[in-house]
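Encoded as structure tokens, the structure appears first; notes follow it.
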Amino acid sequence: MSATSVLYDAPGARAKRRNILYTIVFLVVFALAAWWVLVQMADKNQLASEKWSPFVTDSEVWTTYLLPGLGETLKAAALSIVIALPFGALLGIGRLSDHSWVRVPVGAVVEFFRSIPVLLMMVFAAQAYAQFTNVSSDMRPLYAVVTGLVLYNASVIAEIVRAGILTLPNGQTDAAKAIGMRKGQTMAYVLLPQAVTAMLPALVSQLVVIVKDTALGGAILGLSELLSQNRTITANYGANTIATLVVIALIYIVLNFILTTFASWLEQRLRRGKKSTGAVLPDVNAGTYVGDGSGI
């Protein structure tokens with residue numbers, strides 16, 4: 001009898017053979033598709049060495065275009081993340097408020113900005129900065145991109161925070177109330193620390209989205225981010241569009257891989273920390289920390 005788990009039955013001999021067959025068929029189809037793409041690129045002279053060699057032999061491609069573009073991408077993404085994370089957490093907590101005068105307007109704000117395309121918010125923000133502020137034209141694209149990313153992603157993060165807190169057992173809140181903790185203390189010392197680990201994968205996915213969505217600012221608003229450098233590199237290095245886009249795509253892959261790897265490390269560290277120490281709760285009567293929170 002084959003081994004089983006809670007989530008699925010382990011495949012038997014026939015299922016294993018079928019899976020191997022599917023894998024072989026997929027690899028053959030993938031190889032044929034890759035071969036066809038390479039043939040088409042060769043016919044269009046896109047595999048010529050002069051189109052790829054500048055990224056290896058000419059350092060100015062990196063120092064003048066790619067690295068400055070990457071810097072603008074990281075700047076826009078970092079500003080958006082730093083603002084959107086706490087803003088989204090506050091909105092998510094606000095949606096859980098017992099007071100309808102807080103919960104209802106916060107919910108309306110979250111649903112409103114979550115329903116609007118982020119590109120539309122960037123364009124709107126650019127026009128608003130142009131008409132109602134003194135922000136210079138050089139800084140306006142960065143401001144508009146950050147504004148659009150913050151409004152949209154803070155709303156999404158708010159839903160992630162709300163869902164993460166709601167997944168915790170009701171006994172956590174009941175136990176906190178039993179020892180006299182107010183709701184703010186329960187949220188800060190009991191619910192949020194435990195929900196962070198559950199929320200982390202979804203939060204990281206949203207941070208990756210922020211990094212990639214900075215490219216919208218380059219395409220529409222003229223932000224000199226990484227992807228927008230494709231136009232200038234192509235103009236200066238002989239119409240090597242395919243090669244440039246491949247290199248830029250690889251940079252995005254490496255950047256997001258670093259981000260997800262760090263998040264995985266952080267998640268494992270948080271899980272180990274909880275196993276070893278547990279949540280630390282304040283003694284609301286004496287003003288000191290007691291216990292390890294294992295009973296909550």
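Does L74 meet the test of being more than 23 Å from N230 (Cα to Cα) and surrounded by fewer than 20 Cβ atoms within 10 Å (Cβ to Cβ)? I'd like the intermediate steps shown before the answer.
On the way: more than 23 Å from N230 (Cα to Cα): no; surrounded by fewer than 20 Cβ atoms within 10 Å (Cβ to Cβ): yes.
When the stated conditions are applied, L74 does not pass them.
Please state which one of V135, V156, V110, V104 is closer than 13 Å to Q206 by Cβ and at pLDDT below 95.
Working: V135 fails: closer than 13 Å to Q206 by Cβ; V110 fails: closer than 13 Å to Q206 by Cβ; V104 fails: closer than 13 Å to Q206 by Cβ.
Every option except V156 fails the conditions.
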* Structure fact -> The condition from (1) assigned to a loop (DSSP other than H, G, I, E, B); (2) modelled with pLDDT of 90 or more that T63 misses is numbered (1)
* Scan L38, L32, L79 and give me the residue that is in the same structural domain as T147 (by TED's automatic domain parsing) and either closer than 30 Å to V145 by Cβ or of a type outside the set (D, E, K, R) (or both). => L79
* Asked: For I233, which of the numbered conditions (1) outside any helix (DSSP H, G or I); (2) of a type in the set (A, V, I, L, M); (3) over 24 Å from the mean Cα position of the chain (by Cα); (4) modelled with pLDDT of 80 or more fails to hold?
  -> (1)
* To do: Could you tell me which of the residues T234, T214, T197, T186 is out of contact with any Phe, Trp or Tyr (no Cβ under 7 Å at 6 or more places or on another chain), surrounded by 15 or more Cβ atoms within 10 Å (Cβ to Cβ), without any contact (Cβ under 8 Å) to a residue 12 or more places away in the chain and assigned by TED's automatic domain parsing to the domain that holds A76?
  => T234
* Structure fact -> Screening L96, L32, L91 for residues that are more than 22 Å from the chain's Cα centre (by Cα), farther than 30 Å from N236 by Cβ and touching a residue at least 12 places away in the same chain (Cβ under 8 Å) leaves only L96
* Asked: Restricting the first residue to region 238-259 and requiring it to be assigned by TED's automatic domain parsing to the domain that holds T64, which pairs with a second residue that is aromatic (F, W, Y) meet a Cβ separation below 8 Å and a spacing of at least six or different chains?
  -> N240/W52; A243/W52; A243/F55; T244/Y237; V247/F55
* Structure fact -> All conditions in (1) surrounded by fewer than 16 Cβ atoms within 10 Å (Cβ to Cβ); (2) out of contact with any Lys or Arg (no Cβ under 9 Å at 6 or more places or on another chain); (3) of a type in the set (S, T, Y) are true of T133 except (2)
* Asked: Would you pick out the residues in region 208-230 that are of a type outside the set (A, V, I, L, M), touching a Pro at 6+ places or on another chain (Cβ under 7 Å) and assigned to a helix (DSSP H, G or I)?
  -> G217
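Of all residues in region 1-29 being among the hydrophobic types (A, V, I, L, M, F, W, C) and under 32 Å from the mean Cα position of the chain (by Cα), which is modelled with the lowest pLDDT? Spell out the reasoning first.
Looking only at region 1-29, we keep the residues that are among the hydrophobic types (A, V, I, L, M, F, W, C), and these are 1, 3, 6-7, 10, 13, 15, 20-21, 24-29.
Filter again for under 32 Å from the mean Cα position of the chain (by Cα), leaving 6-7, 26-27, 29.
On the way: V6: 50, L7: 55, F26: 95, L27: 95, V29: 96.
Taking the candidates together, the pick is V6.
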* **In region 170-189, residue farthest from I83 (Cα to Cα) [restricted to those that are small (G, A, S) and part of a helix (DSSP H, G or I)]** => A178
* Asked: Regarding R140, is this residue touching a residue at least 12 places away in the same chain (Cβ under 8 Å), assigned by TED's automatic domain parsing to the domain that holds F87 and over 30 Å from L200 (Cα atoms)?
  -> yes
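The values are calculated or read from the model by the stated rules, or taken from the named source; none is laboratory data. This is a predicted model, so every value here is computed, not measured. Reconstructed Cβ throughout: ideal geometry from the backbone, glycine too, with neighbour counts over all protein chains shown.
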